[in-house]
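The structure appears below as structure tokens.
What follows is calculated from the coordinates using simple rules that are stated; it is not laboratory data. Please read all numbers here as calculations on a predicted model, not as lab measurements. Here Cβ is always computed from backbone atoms with ideal geometry, including for glycine, and neighbour counts include all displayed protein chains.
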Amino acid sequence: MTQSPRILPAEACLPGRDERIAVPGQHALLGTSYLPPFPPATAQILFGMGCFWGAERLFWRLDGVHSTAAGYAGGITKNPSYAEVCSGRTNHAEVALVIYAPNQIALQTLLEVFWGGHDPTQGMRQGNDRGTQYRSAIYCPPTALAEVERSRAQYQQQLTVAGHGPITTEIKTDQPLYYAEAHHQQYLHHNPNGYCGLGGCGVPYQAPATS
């Protein structure tokens, strides 16, 4: 019987390396930089929705998004390679970095795309993609944590009414991002017919009413 993917103790993870993976830095579609420093009027958030190719594309299409990138976060290994992440020995999730202008696009709009763009109830997989790197995750700054957690509670209510199970999305603050290799950046722009395994539950997220 195949063992289910699981998060490993830190001592069982690969150590990684100090050298950062080199990436072009300029978004192939938007023409903006996805490397810091970012414009002062922007904010950042990391979304794990399964394969980062499709996740990144969902967000670069939105008005108010300054730039996006594919990377790894939430784990132990420093500057991991794609092969190391896929080995299950880094504890990282595949994530999309979203750099956005809050005065042009609300965090709630990004959360609507996140919750509706994948199935957040599947644990360590997304569709046919199986492994800890495909888990659902949001890694946000501390200032966004309360809003992110409210959105999870709101969407759980909607999913429960629709007959779905509990949300397994991992939510943490201040997780470092390690950029994925250059050929993963804006992959579905360079390869429009490339693989994308994302699919939602069929339950659109409805933002909680504000008082």
Scan the stretch 98-201 for GluC sites (Glu not before Pro) in coil per DSSP, keeping those whose Cβ has at most 13 other Cβ atoms within 10 Å, and list them by number. none
Residue-averaged [θ]222 nm for the chain, counting only DSSP H segments that reach four residues, each worth -39500 (n - 2.57): -6000 deg cm²/dmol
Projected onto the charge dipole of the chain (unit charges on the beta-carbon of Lys, Arg, Asp and Glu, signs +1, +1, -1, -1), the Cα from Gln206, Tyr178, Gln126 with the largest positive-side position is that of Gln126
Which residues in the stretch 133-153 have a backbone N closer than 15 Å to a point placed 7 Å from the Cα of Cys86 along the Cα-to-Cβ line? 133-134
Run the quick spin-label model on Lys78 and His190: label points 7 Å from Cα toward the beta carbon, then report their separation in nm to one decimal. 2.7
I want to verify a result. In a Gaussian network model of the chain, Cα cutoff 10 Å, which of these has the top mean-square fluctuation: Gln154, Gln133, Gln186? Gln154
Given that compact globular proteins tend to follow 2.2 N^0.38 Å, what is the ratio of the alpha-carbon Rg of the stretch 108-178 to that value? 1.11
Any idea what Rg and Dmax come out to for the stretch 91-211 if you just take the C-alpha atoms, in Å? 14.9, 45
Could you tell me, in Å, what Rg and Dmax come out for the Cα atoms of the stretch 8-48? 15.1, 40
Using every pair of alpha-carbon atoms in the stretch 154-211, split the distances into 10 Å bins beginning at 0 and state the percent of pairs per bin, rounded to integers. 15, 29, 32, 23, 2
Top of Pro40, Pro15, Pro80 by mean-square fluctuation, Gaussian network on the chain, Cα under 10 Å: Pro40
Summed side-chain charge close to Gly123 - residues other than Gly123 whose Cβ falls under 11 Å, Lys, Arg +1, Asp, Glu -1: +2
A student applying the Cα gyration tensor rule (rounded when a/c is under 1.5; otherwise prolate if a/b is larger than b/c, oblate if not) would label the stretch 1-135 oblate
Residue separation between Ala12 and Lys172 times 0.36 nm, minus their alpha-carbon distance, gives in nm 55.5 nm
